[in-house]
Amino acid sequence: DSGVTQTPKHLITATGQRVTLRCSPRSGDLSVYWYQQSLDQGLQFLIQYYNGEERAKGNILERFSAQQFPDLHSELNLSSLELGDSALYFCASSPREGLLGELFFGEGSRLTVL
Amino acid sequence: GENVEQHPSTLSVQEGDSAVIKCTYSDSASNYFPWYKQELGKRPQLIIDIRSNVGEKKDQRIAVTLNKTAKHFSLHITETQPEDSAVYFCAASTAGGSQGNLIFGKGTKLSVKP
């Protein structure tokens, strides 16, 4: 158990819909990262937050947004869903702003868009 | 931005043989290079990492080598065992500061045959 909690574990929805994925980082970790894992694309970095502020952005679509709340949990919002958004979405946390050590991954949220 | 290439995409070895996975990166400013192992249906977990001031690091049967001049790094697993079967991801990062994020390779599926 990494200490990172993600909900829901599985989600099935239709094209055009909107979903919210939730992540609670390890106790004490201030940085939260979101990654998308598709079958042929490996782990794609989406976005990083540190102590409530956005710190780095990767290949995140405009239809996607995220935020980190004062209690440090984070949410990833995916809207106008397309079939290609079907993937495993991982949240990870680390204690620091920069990466000087291990990223602790949650178990992931598997999104299926039909 | 950073780009990480990983080879091979699949690797099959006999139990007891060695396995080598290679990665190249594009950003000469990258200075942190971790390797993650992802078992089927599980979250990625850090197995070893190396920083740019070190050329080699070993941990029991696992070793990582780094050539900063050539911008490539490799994972070496000796005396492979069936439980080493998994997908291995290399990654590179400009650790530290406010831009720390990991850019992953596309993964290598390692199969160790008993």
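The values are calculated or read from the model by the stated rules, or taken from the named source; none is laboratory data. Remember, predicted model here, so these are calculated numbers, not experimental data. All Cβ positions, even for glycine, are placed from backbone atoms using ideal geometry, and neighbour counts span all protein chains on display.
General remarks:
- Condition check for B:Glu15: touching a Cys at 6+ places or on another chain (Cβ under 9 Å), at pLDDT 95 or above and either surrounded by 15 or more Cβ atoms within 10 Å (Cβ to Cβ) or farther than 21 Å from A:Phe104 by Cα (or both): no
- In the set B:Leu40, B:Leu46, only one residue is assigned to a loop (DSSP other than H, G, I, E, B), hydrophobic (A, V, I, L, M, F, W, C) and closer than 22 Å to A:Trp34 by Cα; that residue is B:Leu40.
- Output for segment A:57-114, where each listed residue is β-branched (Val, Ile, Thr) and at pLDDT 95 or above: A:Thr112, A:Val113
- Positions within segment A:65-114 being away from chain B (no Cβ under 14 Å) and either in contact with a Pro (Cβ under 6 Å, 6 or more places away or on another chain) or β-branched (Val, Ile, Thr) (or both), in sequence order: A:Leu72, A:Thr112, A:Val113
- So B:Glu56, is it surrounded by fewer than 21 Cβ atoms within 10 Å (Cβ to Cβ) and either in contact with a Cys (Cβ under 6 Å, 6 or more places away or on another chain) or away from every other protein chain (no Cβ under 14 Å) (or both): yes
- Enumeration of residues in segment A:53-83 that are outside any strand (DSSP E or B) and exposed (fewer than 15 other Cβ atoms within 10 Å of the Cβ): A:Asn59, A:Leu61, A:Glu62, A:Arg63, A:Phe69, A:Pro70, A:Asp71, A:Ser80, A:Glu82, A:Leu83
- The listed residue being over 18 Å from A:Leu88 (Cβ atoms) and surrounded by 18 or more Cβ atoms within 10 Å (Cβ to Cβ), out of A:Tyr50, A:Tyr33: A:Tyr50
- The condition of being within 26 Å of B:Pro8 (Cα to Cα), within 11 Å of chain B (Cβ to nearest Cβ) and under 11 Å from the mean Cα position of the chain (by Cα) holds for only one of A:Gln48, A:Gln37, that being A:Gln37.
- Residues being more than 9 Å from chain A (Cβ to nearest Cβ) and in contact with an Asp or Glu (Cβ under 7 Å, 6 or more places away or on another chain) - total across segment B:36-53: 1
- There is no residue in segment B:74-92 that is away from every other protein chain (no Cβ under 14 Å) and closer than 16 Å to B:Glu2 by Cβ.
- Condition check for A:Tyr35: under 19 Å from B:Pro44 (Cα atoms) and in a strand (DSSP E or B): yes
- Residues satisfying the stated conditions in segment B:35-53, i.e. at negative phi and either of a type in the set (S, T, N, Q) or exposed (fewer than 12 other Cβ atoms within 10 Å of the Cβ) (or both): B:Gln38, B:Leu40, B:Gln45, B:Ser52, B:Asn53
- Residues of segment A:15-32 that are over 19 Å from A:Arg55 (Cβ atoms), in a strand (DSSP E or B) and not aliphatic (A, V, I, L, M): A:Thr20, A:Arg22.
- Among (1) buried (at least 19 other Cβ atoms within 10 Å of the Cβ); (2) within 18 Å of A:Phe45 (Cα to Cα), the one test that B:Leu75 misses: (2)
- Out of B:Lys106, B:Lys68, sole residue that is away from every other protein chain (no Cβ under 14 Å), surrounded by 14 or more Cβ atoms within 10 Å (Cβ to Cβ) and at pLDDT below 95: B:Lys68
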